[in-house]
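The values are calculated or read from the model by the stated rules, or taken from the named source; none is laboratory data. Please read all numbers here as calculations on a predicted model, not as lab measurements. Because the Cβ atoms are built from the backbone with ideal geometry, glycine has one as well, and the counts that use them run over all protein chains shown. Calculation scope for accessible area: heavy atoms of the full protein, side chains included, ligands and nucleic acids excluded. Shrake-Rupley method; radii C 1.70, N 1.55, O 1.52, S 1.80 Å.
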Amino acid sequence: MENLLNKVIQNYKFLSIIGKGGMGIVYKAHDISLDRFVAIKILKPKILEKPKNVERFLREAKNQARLTHSNIVTVYGFIEQDGILGIVMEYVEGDSLDKILHKYGRLHVTDSVFIMRQILSAIGYAHAKGYVHRDIKPSNIIVTKEGVAKIMDFGISKSLFDKTVTKTGSKIGTLLYMSPEQIRGEEVNHLSDIYSLGVTMYEAITGDPPFLSDVEYDVMEGHLHKRPGKVTSIVSGLPEEIDFILFKALEKDPVARYQTCEDFIGDLNIYEKKLAEHKSELFPKQYSNPKRRKALSIAGFGIFLAIISAVVYFSFKTADTLIQSNQLDMLKKYSVKTLFKEDDGGIKFQNMQLIPMPAGGNIVSISMLDDNIGFLIESGGKVFATNDSGNTWNKIFEDSVSFNDADFSKNGRATLIGNESLLIIADNNFENVDRKTLYDKFNLFRVRYLNPQIAFILGSKGCILKSEDAGSSWTIVSHKITAPLYDAYFFDNSNGIIVGWKGTILNTTDGGNIWIAKEAQTEKYLKSIDFGDEENGIIVGGGGTILRTKNGGKSWYDLTIKDAGGLQKVKFIGKDFVIAVGTRGSVIVSNDGGASWRAMKTNLFVKLNDVAVTPDKKIFIVGNNGTILKLW
């Protein structure tokens with residue numbers, strides 16, 4: 001097979017080999033046109049000789065390319081030239097769950113729930129699109145440096161509607177994680193994935209899959225006829241509800257299992273609340289039995305396992321941040337009841353409430369129009385509304401695409417944006433919906449209205465779009481930056497600031513027609529910006545980045561908290577009181593305009609994405625897995 005190192009094919013320069021498997025080689029490459037790293041799986045020439053293998057390879061790419069979800073490794077497209085065929089994929093820096101278990105033996109139960117809810121969300125999304133994975137296991141789950149769990153290798157996933165590839169007798173998967181019906185060689189569906197998810201979670205909590213043996217027959221007998229041991233008998237100090245959850249996921253009869261991933265998530269949400277009331281010990285690091293890693297893997301399962309091994313070399317410490325769950329101990333932690341006193345700029349919050357959601361998707365944006373009426377959006381294409389100050393939320397709109405941000409106005413107009421240049425303008429509270437695709441294939445991240453007529457949209461590849469007619473039409477604003485742009489703040493109709501990838505800061509003084517780049521002060525991404533008044537502002541971003549200005553953005557100085565994780569949103573509640581949220585449930589606050597910070601204990605272990613405040617100073621924090629936190 002030709003060595004492609006340092007060669008350029010189409011717009012990809014091949015940099016290094018990060019994995020080898022039965023079907024080919026996986027390279028790390030640089031996408032020259034988009035200035036990003038990608039992973040490219042190149043099929044072996046011998047495989048190309050058989051048309052059925054090529055057909056399967058192309059089907060693999062098409063299947064996964066149809067799945068757009070934050071917890072699924074993204075497929076960007078094909079590479080095909082001079083007898084070379086490959087899939088171009090998202091390059092993920094992180095550590096596999098399999099590798100994490102090698103190091104730690106087992107996870108704290110809260111981390112297990114944190115990871116599994118994300119994977120359940122991804123697999124549930126795939127099921128809704130008509131796909132079943134069929135090979136869920138720890139080596140196919142990777143945890144990024146920000147604590148985001150992603151499912152990989154849909155290479156043997158099959159469309160539920162493609163009967164030619166779900167025929168009886170096809171045993172695909174790894175025996176330790178197979179459902180009984182897979183072992184029997186029967187036709188499988190999404191319920192088999194739910195069984196494998198149960199096995200994976202069992203292993204994450206206890207350190208071993210439920211039917212571990214070096215003898216294949218014993219593993220098969222366990223899956224077919226035996227009841228797994230209670231988790232609470234293996235790990236002391238856990239609420240016993242976890243046994244019920246895992247027993248239900250591992251039922252031999254598919255009809256008796258959770259029927260959807262959403263049902264599984266629902267019980268985990270209830271269990272997480274139980275955990276918040278039940279203090280369980282941190283698990284010590286333990287020796288992990290290497291036999292379980294050698295036993296009974298299907299030969300050739302692993303181009304992606306090889307990817308993981310290579311990626312670990314670059315970012316081994318990143319998974320530690322998730323597992324330890326105490327990295328913010330460098331900051332003094334305050335409970336909500338001691339944090340908000342009368343000397344905190346007049347803020348007097350004394351209560352915290354975790355509000356249940358009808359579904360457990362990832363909430364990416366929340367807007368509160370007044371003390372009672374508000375809206376939030378799920379990345380999976382759902383819009384929810386409240387009219388009782390956020391105590392209950394009801395779905396009012398659903399689309400088949402993923403949303404990244406939205407703007408809601410009191411006149412009933414909503415502007416929603418997403419990937420692939422998606423724009424939806426809805427009037428009369430979604431009675432009239434106008435769906436548009438804007439220009440090039442941008443991923444759109446943020447929409448900001450300066451006033452009812454003038455608005456901006458920010459996105460990938462340096463995208464800045466401007467509307468001067470309330471969002472009816474949009475024009476591209478030309479400038480030299482090609483990095484993704486994430487957030488904007490406007491002081492008035494003339495002056496504004498945009499922040500983005502690799503420390504990008506842009507300024508405008510003419511209403512957003514011309515943007516001038518400032519010299520970058522960090523290589524980290526800058527995700528969110530807000531000001532308390534015309535002079536005092538905060539930017540937050542990757543790796544705990546906090547930049548502060550006291551002169552209206554003319555200069556910024558660095559207050560980075562290295563172990564705070566990726567910060568996703570910053571919000572001034574008053575002139576001096578600031579709150580920022582991020583990965584791993586981190587919530588940090590400042591009473592002095594961002595000069596000093598302290599962490600708040602929330603008992604949340606999910607990525608938090610957005611913050612909203614009502615006129616009567618109720619704070620809403622939203623995040624992945626349907627998380628809504630209300631402070632008042």
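Miscellaneous remarks
- Restricted to the stretch 372-470, the set of strands (runs of 3 or more DSSP E) holding at least 1 residues that are modelled with pLDDT of 85 or more and over 30 Å from Lys502 (Cα atoms) comprises 374-378, 382-386, 394-398, 414-418, 422-427, 432-437.
- Of all residues in the stretch 527-550 being among the polar types (S, T, N, Q) and buried (at least 23 other Cβ atoms within 10 Å of the Cβ), the one that is nearest to Arg448 (Cα to Cα): Ser528
- When residues of the stretch 221-234 are limited to those that are farther than 25 Å from Val109 by Cα and touching a Pro at 6+ places or on another chain (Cβ under 9 Å), the one most open to solvent (accessible area, probe 1.4 Å): His225
- Checking each residue in the stretch 396-454 for being basic (Lys, Arg) and out of contact with any strand residue (DSSP E or B) (no Cβ under 7 Å at 6 or more places or on another chain) picks out Lys410, Lys441.
- Residue count for the stretch 492-519, restricted to those that are assigned to a loop (DSSP other than H, G, I, E, B) and either β-branched (Val, Ile, Thr) or surrounded by 15 or more Cβ atoms within 10 Å (Cβ to Cβ) (or both): 8
- Any chance Asp469 is closer than 24 Å to Val613 by Cβ, out of contact with any Asp or Glu (no Cβ under 9 Å at 6 or more places or on another chain), among the acidic types (Asp, Glu) and open to solvent by 10 Å² or more (accessible area, probe 1.4 Å): no
- Between Phe577, Phe620, the distinction of being of a type in the set (Phe, Trp, Tyr) and under 30 Å from Tyr271 (Cα atoms) belongs to Phe620 only.
- For the stretch 131-157, taking the residues that are of a type in the set (Lys, Arg) and modelled with pLDDT of 90 or more, the one that is nearest to Leu101 (Cα to Cα) is identified as Lys137.
- Test: Leu238 is closer than 30 Å to Gly94 by Cβ, assigned to a helix (DSSP H, G or I), open to solvent by less than 40 Å² (accessible area, probe 1.4 Å) and modelled with pLDDT of 50 or more: no
Okay, residues lined up against (1) loosely packed, with under 15 Cβ neighbours inside 10 Å; (2) in a loop (DSSP other than H, G, I, E, B); (3) hydrophobic (A, V, I, L, M, F, W, C):
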| position | (1), (2), (3) |
| --- | --- |
| Leu5 | yes, yes, yes |
| His30 | no, no, no |
| Lys46 | yes, no, no |
| Phe57 | no, no, yes |
| Lys62 | yes, no, no |
| Gly86 | no, no, no |
| Ile100 | no, no, yes |
